[in-house]
Amino acid sequence: MADQATAGRTPVNPLNDRFARWLGTGPRGQAFGGWVSRTIALPQLRRVVSGAPPWTPLRRPLPGTTVAIVTTAGVHMRQDRPFRLNGDATYRAIPGTAEPGDLAITHQAYDTRDAARDINLVFPLERLRELAAEGVIGAVAPAHFGFGLTPSARALLAPGRAVGRQLAQAGVDLALLVPA
């Protein structure tokens, strides 16, 4: 039987776990991780986006906006099917009413231990609710979206467009893109 610390977590490959810890703890590991991220991500983005990235300016003052979260951190509802760890360009809808205990993380490209302790590190839904309560933003969107890990930015184009349509239909003015 799994203890509370590991309940609902994806089993960790010891070598991947050791490597992830090395990447996150020392200056050499962090420098190497940054170099790898730039080496992998930038060429993919250049191939996918020709010209300037699309940008839509905010059309209303921030206190009147509806805000959603879109993350690539592998966040999903506990009862949802986990993301495939070897590559998964699908997404999961997460209701705006979700509580931290309702959420799980299925991702192996980063050390998820801190995020498992405080999901707001990769999915700041509670912080959005606080901003709405303080009047900084108008409202928290009724749905948010979590993506899994995929080695191909191109594979995210179709599901990204589908999520974009859903956000537009829900009247979302601003989407916070939270990477893993």
Q. What is the stretch 83-180 by shape, rounded, prolate or oblate, if you read a ≥ b ≥ c off the alpha carbon gyration tensor as root eigenvalues and call it rounded for a/c under 1.5, prolate for a/b larger than b/c, and oblate otherwise?
A. oblate
**Q.** Where the stretch 74-143 is the region considered: accessible area per residue in Å², 1.4 Å probe
**A.** 49
Q: Scan around Ile69 for amide H atoms under 5 Å from its own, H built in the peptide plane at 1.01 Å from N, and keep only partners 5 or more places away or cross-chain.
A: Phe145, Leu176
**Q.** Shape call, the stretch 77-116: gyration tensor on alpha carbons, a/c limit 1.5
**A.** oblate
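The values are calculated or read from the model by the stated rules, or taken from the named source; none is laboratory data. Small disclaimer: the values here were computed from a predicted structure and weren't measured. These area figures cover heavy atoms from the full protein model, side chains too; ligands, DNA and RNA do not enter into them. Shrake-Rupley method; radii C 1.70, N 1.55, O 1.52, S 1.80 Å.
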